[in-house]
Structures are given as C-alpha cells and as structure tokens.
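Okay, so here's the structure we're looking at.
The values are calculated or read from the model by the stated rules, or taken from the named source; none is laboratory data. As the structure is a prediction and not an experimental result, all values here were calculated from the model. Cβ: placed from backbone, ideal geometry, glycine included. Neighbour counts: every protein chain shown.
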Amino acid sequence: MTVRNLNSDKFALFEFKDRIVDPQNVLANNWTNSTSVCKWVGVSCGIIHERVVALNLTNMNLRRTIPPHLGNLSFLFSLDLSNNNFYGHLPKELGQLHRLRIIQLSYNRLNGEIPPWLGNLHRVQRLEMRNNNFTGTIPQTLVNLSNLEILNLGFNQLSGQVPSSIFNISSLKRIHFRDNSLSGGLPMICVRNELSSSIPSSIDKCCNLQILELSINQFSGIIPKSIGNLTQLKQLYLGQIPEEIGNLFSLEMLSIQAIKGLTGQIPTSIFNIYSLKTIALSSNSLSGSLPNDMCNLPPITNAPKLEILLLWGNKLSGNIPNSVSNASMLKILSFLKHLEVLKIFDNNLITGSASDHEWSFLSSLTNCRNLKAIGVSGNLLSGVLPTYIGNLSKSLQFFLAYNCELQGIIPMEIGNLTNLLLLELDYNKLSGLIPASIGGMRNLQGLTFYNNKLGGPIPESLCGLERLYQMYLGLNKLHGSIPSCLGNISALRYLWLDSNKLSSTIPSTLWSLKDILEIDLSSNHLHNSHAIDVGNFRTLLRLNLSRNLLMGDILSTFGVFKLCLEFLDLCNNNLSGVIHKSLEKLLYLKYFNVSFNRLEGEIPSKGSTNGFEESNMRISGSFGYVYKGRLSDGMEVAIKVFNLQTEGAFRSFGIECDAMRNIVHRNIVKVITCCSSVDFKALVLDYMSNGNLEKWLHSENCFLDIIQRVEIMIDVAVAIEHLHNGHPTPIIHCDIKPSNILLDEDMVAHVGDFGVAKLLGEGEVMKQTMTLATMGYMAPETFTKKKPTDNAFVEEETIRHWMERSLPKGAIEIADVDLLRREDEYIVVKANCISSIMELALNCSAELPEERKDMKDVVVELKKIKQRLLNNIQHF
C-alpha cells in the first residue's frame, strides 16, 4: 500500500500546479517549499490528522483540464474549483476521494458526460456543476448518493429523461436542472403510500424538497399531481401549472417559465399556498381572468404572505379583482400600505364593469404610503383619470399608463405628485389642456404625452422643470407659440413637438440648448425671422424642421461647425439658396432631406457606392425596384428605389414620405431614412427576412397553419387601425394585399408599400399618390389560396361575389385545401374559425362605406376569433 501523508498531499498539489495555467500567478507565488502546505492559499488542513481536507481555488481564472493528481488527496472533504476556466472531462481519479462531502465545479467549461463513478462518493452532500458544457443524460448512479442535499446541474446541455430514482434520495432539499434539453414526461414526484401509514413509500422521502427548479427544458405532458405532496417546498420553477400545486403549503416562491410559454388559466389553488411570498408568471400566454377570491380575508384566508405578484406580458382579461386589496403584505401588485410597485403591463385587463367611467381601482391605492411605481401600460383600461390621482403617495416616482385607451382630460390634481420622475401617458385619447400644475413636479425627468388629442398652448409653467430630460408632446393638437423659456431647461436632451398646430417663430433660445440630442418641430406652422443658429450645439444628433413655413437660406450655417448630426430633415418648407459644400463636414450625417424647397446645387457626396447589384434585387414593380442592402454598421435593410421615369413617381415619393415619416408601430414597416436628389429617390426600410405573405400563400415550399394566418390577420388589422385612428392625419393605405404584407424573422406581419396611400388632412385637400389601387386590394385570399386575378373571376364574378355565394355552403367549399384535411381531428373547429373570418372579411369589403366595420371593432373581433380557436382546440 502507498503510504500517504502531508508530504504526499504536498506533492499532489505541486503536480496540480505544474499542469495548469495560472495567469494571475496566485499559486506560483504562494505554493512554495518555504511555506507549510496548510498555509498555502486555498488549502485547509485537518487539526487531528494534519492532512489536506479542503481545496478552495475559486475565482482565480485557472485554465486547462483538471489534473488527475487531485485523486491522491485522500482526506479531501471539500473541493471547490468553481468560477475558473477548466475544460475537458472530469478525471476518473476523483472517484477515489470517498471522504468528499462538497463538490463545487460550477462556472467552468467542463464537458463530456457526467461520469457514473460520481455515484460511488456516498458521503457527498453538495454536488454543484452548473454552467458548464456537460452533455448526455443524468446517470442513474446518482441515486446512490444517499446523503445528497443539493444537486445542481443547471445551465448545461443535458438531454434525455430525468431518472425517477433521483427523487428517492430522502435528504435532498434542492434540485436544479434549469436550462438544459431534458425531455420526456416529468417523473412521479413524491408519491405517498396511502395503503399503509406504517410502511412509508421510499419515494415519499423526497418530501423534504425545498427548491425544485426544472424550467427552460423540453418536458412534455403534465406535471404529476403528486407534486402537491412536497409540503416543505419553498421555491418551484416549472413549465406548467397543475391544480394540485395548492397543496404546497410551505412554498415561498413560484416562478413558472417555459421555452414556448404557458397557456391556459391560472389555477385558483395557487393562492391557497399559505407560505407563498412570490408568484412570477410573467411573459407567458396565460389567458382568462384572475380569480375573484385570490386574496380572500379570514376565515378563509388566501395568500396571506404574498409579497410579489408579477403577471405582465400575458393575455389575461376581465376585471382586476377587488380582493387583491386584502393582501396586506403585498409589496408588488397590491393596494395596501406595503405596496411599492404595481406592474401589470401588456395584458387585456380592464378597470371594472362597462359602466365605469374612471379608474376606480386607483382609489384603493391612495392608502399606499410606500408606493413608488405604477405601470399599467398596454391594457384596455379606458375611462378617465380621476381627480383623486393627486392623493396617491408622495413617494410615487413612476406613473406609466401609455396605450391604455385613456380619454378625457388630465386632472390638474396630478401636479400634487411632486416626486414623480417619469410620467408617460402617450398613445391614448386624452383631450383638453396640459395642466399648468405639472410645472410643480420639480423632480420630473420624463414627460410623454405623445399621440393624444391635447389642445391649447404649451404652458410656460413647464419651463420650471429644471431636471426634465425628455419632453414628447408630438401628435396632438397644440397651438400657439413655443415658449421661449424652454431654452432654459439645460437638462433637456429630447424635445419632440411635431405634428401639432404651433404657429410662432422658432425661439432663438432653443439653439442655446447645447447638450440636446434630438429636436423635432416638424409638421407645424412655424416660421423663422433669422437663420437657424446651430453654432452652440455640441451633441445634436437629430433635427427635424420639415413641413413648416421656414424661408430663406438657412443651410449656410450647417457644416460651418463640427456637429455630430445624424438626421437632418428640412423638406416641404420654402427654403432657397445654394446647398453649400460645407455640408460635407457633417461626417456623421446618415439622413438628409431637403426635398420640395427652392434650393440650387448638388447634394455633396458622402462616399461612393458600387451601384445596385442585380443579385441583390428582391422585388420589381411599377414603382421601381427593392434591393437588399447593408449599412455601414452591418444592419441589413431593404432599399426601395423609385423609377423616376414613371409618371407620378416624384409625387408618389413625396406622399409616401408624408405617410410614413411619423409612423412608429410594430406592425408597420419602419422607414430608417430616405435619399432624395434631383435624379435619385429611395426609401431605406427595415429588412424583413421572411419575405411577403404572397410567397407563403402560393409557394409549395412554404406553409402557414391556421393559427399563424389568424395572427397575421390580427397584425394587419392592428396596423390599419393605427393608420386610421392613431394620427391627427388619418392614412388610408389603399393597397392591402398579401404582397404588401411583410414578415420578419418571428413571422410578425408588417404592412408596407404606401405608394397609393391617401392622407385625410384636417381642413386640407385630400392627398393621394394615385387614384386607384392595384389588383388585389382588400382581397380576402389569405385563407382561400385564390387570387383576384384567377381565370374564374371574370366580368361580374369577383372574388368577393364568389365568397359571398360560397360561404353558406360551409368553409370546406372555400378554404385552402391544406388548412382543412378530413383526417384532422380539429377540422370542425378550424372550419368554424375560417367561416367567422370570412364573414368579417365580407363585412370589411362591403360596397357601401357606411356598411363596413370600423377597424377598431375588426381588431377586437379577430382577437375573439383567435381566442375561441385556441380554447376550442385546448378543450377538444
């Protein structure tokens, strides 16, 4: 037998040091013969035997494979090599360390399979190997670790099924398998033996588990009901929600995440868990309403210890339950004294019954003295802001209620929220004046009222907001002058007053905002009494003065100074003079538009190109061509080049710029910039990697299932509704057809090509590019695979007439054959869905405009059709 002692431990550690890379020289400078082994950094020795019992070399940036010589440290109790750069396989010699209690190898680059010999280390209590590159399956031999308390194999590349034997280990308190590729059904966890209480089931011993983390895997099926027997569980991370979860009386944290997201309703039993402190169900596809009794008072108390409830990013609907106000310990999403944050973004929640006219739930927030943030954006809350909004906590710092269907006036009492940092009420239907009382919010840094119906002048009291960083008041009906005192807000970086009815001169004081980044005063009635003085600007990136009444030669000042300007739009004014060569000094300029002025000269060159390659052309049409391109920063774009030889091309370009310049919407193709000179005009657009809908409907290599088609129709309807109602100047697209619906990498639909759009301006003559749309306008073909140009449609027999005549016979008569196959178990459900959509399509294309549905109602109806489809499939 080899006699081992402290000297043999020393030799093993020297061998370890010589076979690794130690870039910080920690071991090289410390592990020397002149010092006792037991005093080496990271080394601990036993008192009785004077042998190395612990090796802690964490966070030293050590590299290479783990040397096998560690297997000679026969008294080793704890091995911690975590947070280094070890790679390769685990040496089998570690299987000789039968005294090991703790193995910490997390946050390295170890790979290969988890070795079965780990199961021979019967005394191990903690086995932590998360954040490596282990592959293969979880070995069955781990069941032999009868003293194991913590098993952490998360964030690897493990696959296969989880061995049910793992849950036989009675000492286990924590299991972490998150972020792997584990698959199959979940094992029967903690099955109680109900036949004989005197002979407990061996699997029953797993009921000591406190943390079970299985999320972000590829599990299928349901979560076993037996999980409700884990009565000591404190934290649970899973992929679905079983009703039996209500049996987990000791649970403190419930965090549900999955690769594809959860669907269905939230089980009411979750709120029966007495010890539950955190419920995090964000960013899923959960639907239905919140349970009315989710936070009941005694004698039947639900969720008495709940502190955090995160539900944002779902598809929840219905009322916000009044019982939530009973959760006295709730700090996030509550209505009582401990509340700090209310965050229910992006759901379909409403304030109450249809008869409610104000946000009644805010009244229960007035008792929340610790309230710091309210975030309810992206819900259908509607109604008006009540005057008692001013009674909310003085500690409130964030009030975010954009895109909530808000209407009515902004109450002057809002000015009582003197500690507010951010106030966002954009994309609503607010009207009336901007309250002068907002000027009393001395701490305000962000003021966003963009895209409402606010009128009257800009109150000068806003000039008192000395800390204001951004002010977005565009797309309203503000009139009068721009207060010159805005130039005194030295903290201001973003000033957007575009698309209003402002009619004064542009105050010279604005040009003293030397640190400002963006100024947008476009689409007003502003004029100038002097040249635009940009000499003080140091950081200006974006300046938009287009569509005003500016006159004279103001370009001469640009280029004289060293600006970082990236965006300059001066089109549709009455400018004159020569475009100066000094503009070449604007080295960062990416967008420059001076169209429809009386300027002379050529636009200075910003560099050469190799022309447009035919291999990069994606579409050719009557307007010109669309090319795929790449910007200098690597961003892929689509470049729409207008054929200026075509009649009306100049006007078409101008109106399309008008239509798209202020559109910012997830379902409308974004214009990045435009290029305009006497002989060249082009739009630079977001590139859509999945092409247009036409390709997906009429190609043998592409297929869209019924749910994808419904989602695309919803995207298109939302975009059209935004064009009709989301701007002071309504926009009628006039050419909605599959070839103009573009799909991004996530198959989200974007409406593009505004070449024949109509702009319905207030008090102005309607602008339009052409009088007629192209063939296929409003064609209900997405579900039929028929084109309006098919030979069957001649003379009076249009695709609409055919649809109207065929629909009563059933969806099978009209639907794309790939959507309704007789062997499909959901054929009836899908047929009903298609029939509902076709009826809606016929309504939208009624010959008399007054008989057509409003697009807002169309969006609601499409969402209902989709929800019915999903519900019927789920319950089929």
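Screening residue 16 against (1) out of contact with any Pro (no Cβ under 9 Å at 6 or more places or on another chain); (2) without any contact (Cβ under 8 Å) to a residue 60 or more places away in the chain leaves a single unmet condition, (1). Residue pairs whose Cβ atoms lie under 8 Å apart, sitting 6 or more positions apart in sequence or on different chains, and linking a residue in the stretch 851-869 that is under 14 Å from residue 719 (Cβ atoms) to a partner that is surrounded by 15 or more Cβ atoms within 10 Å (Cβ to Cβ) and not aliphatic (A, V, I, L, M), are 855/721; 855/724; 856/721; 858/721; 858/844; 859/721. Only one entry in 79, 110, 94, 118 is within 26 Å of residue 5 (Cβ to Cβ) and in contact with a Gly (Cβ under 8 Å, 6 or more places away or on another chain), namely 94. For the stretch 748-783, taking the residues that are β-branched (Val, Ile, Thr) and surrounded by fewer than 21 Cβ atoms within 10 Å (Cβ to Cβ), the one that is modelled with the highest pLDDT is identified as 748.
State yes or no: is residue 786 more than 26 Å from residue 695 (Cβ to Cβ), surrounded by 18 or more Cβ atoms within 10 Å (Cβ to Cβ) and modelled with pLDDT under 80?
On the way: more than 26 Å from residue 695 (Cβ to Cβ): no; surrounded by 18 or more Cβ atoms within 10 Å (Cβ to Cβ): yes; modelled with pLDDT under 80: yes.
No; evaluated as a whole, the condition is false for this residue.
Of everything in the stretch 50-78, what is surrounded by fewer than 18 Cβ atoms within 10 Å (Cβ to Cβ), more than 50 Å from the chain's Cα centre (by Cα) and over 18 Å from residue 102 (Cβ atoms)? Give them in sequence order. Once the filter is applied, which keeps residues that are surrounded by fewer than 18 Cβ atoms within 10 Å (Cβ to Cβ), more than 50 Å from the chain's Cα centre (by Cα) and over 18 Å from residue 102 (Cβ atoms), the stretch 50-78 yields only 50. Residues in the stretch 376-431 that are among the aromatic types (Phe, Trp, Tyr) and either at positive phi or crowded, with 19+ Cβ neighbours inside 10 Å (or both): 399, 402, 427.
Close contacts from the stretch 85-113, counting a first residue that is closer than 17 Å to residue 136 by Cβ and a second that is of a type in the set (Asp, Glu) and surrounded by fewer than 16 Cβ atoms within 10 Å (Cβ to Cβ), with Cβ to Cβ under 9 Å and a gap of 6+ residues or different chains, come to 89/113. Out of the residues in the stretch 692-712 meeting the condition of being closer than 16 Å to residue 858 by Cα and touching a Lys or Arg at 6+ places or on another chain (Cβ under 9 Å), tell me which one is surrounded by the most Cβ atoms within 10 Å (Cβ to Cβ). Going through the qualifying residues, I end up with 710. Looking only at the stretch 34-69, residues that are within 18 Å of residue 87 (Cα to Cα) and either in a loop (DSSP other than H, G, I, E, B) or free of Cβ contacts under 8 Å to residues at least 40 places away in the same chain (or both) come to 11 in all. When residue 141 is tested against the conditions (1) assigned to a loop (DSSP other than H, G, I, E, B); (2) hydroxyl-bearing (Ser, Thr, Tyr); (3) over 17 Å from residue 10 (Cα atoms), the lone failure is (1). For residue 699, the stated conditions do not hold, so it cannot be described as free of Cβ contacts under 8 Å to residues at least 60 places away in the same chain, assigned to a loop (DSSP other than H, G, I, E, B) and within 23 Å of the chain's Cα centre (by Cα).
When each of 177, 167 is tested for being buried (at least 17 other Cβ atoms within 10 Å of the Cβ), modelled with pLDDT under 90, closer than 20 Å to residue 209 by Cβ and over 34 Å from the mean Cα position of the chain (by Cα), the lone residue that passes is 167. Residue 474 - would you say it is surrounded by 21 or more Cβ atoms within 10 Å (Cβ to Cβ) and of a type in the set (Gly, Ala, Ser)? Criteria met by residue 474. Against the numbered list (1) of a type in the set (D, E, K, R); (2) at pLDDT 70 or above; (3) on the phi > 0 side of the Ramachandran plot, residue 795 comes up short only at (2).
For the stretch 482-492, state whether one or more residues are of a type outside the set (D, E, K, R), more than 17 Å from residue 568 (Cβ to Cβ) and touching a residue at least 60 places away in the same chain (Cβ under 8 Å). For the stretch 482-492, residues of a type outside the set (D, E, K, R), more than 17 Å from residue 568 (Cβ to Cβ) and touching a residue at least 60 places away in the same chain (Cβ under 8 Å): absent. Looking across the stretch 477-503, the residues that are of a type in the set (Gly, Ala, Ser) and surrounded by fewer than 23 Cβ atoms within 10 Å (Cβ to Cβ) come down to 480, 481, 484, 487, 490, 491, 503.
Going through (1) at pLDDT below 85; (2) under 23 Å from residue 675 (Cβ atoms) one by one, residue 535 falls short only on (2).
Of the residues contained in the stretch 504-518, none is found to be surrounded by 22 or more Cβ atoms within 10 Å (Cβ to Cβ) and modelled with pLDDT of 90 or more.
Table: residues versus (1) closer than 23 Å to residue 812 by Cβ; (2) at pLDDT 85 or above.
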| site | (1), (2) |
| --- | --- |
| 837 | yes, yes |
| 841 | yes, yes |
| 852 | no, no |
| 860 | no, yes |
| 866 | yes, yes |
| 876 | yes, no |
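The test for being at pLDDT 80 or above, over 26 Å from residue 427 (Cα atoms) and not assigned by TED's automatic domain parsing to the domain that holds residue 857 holds for residue 745.
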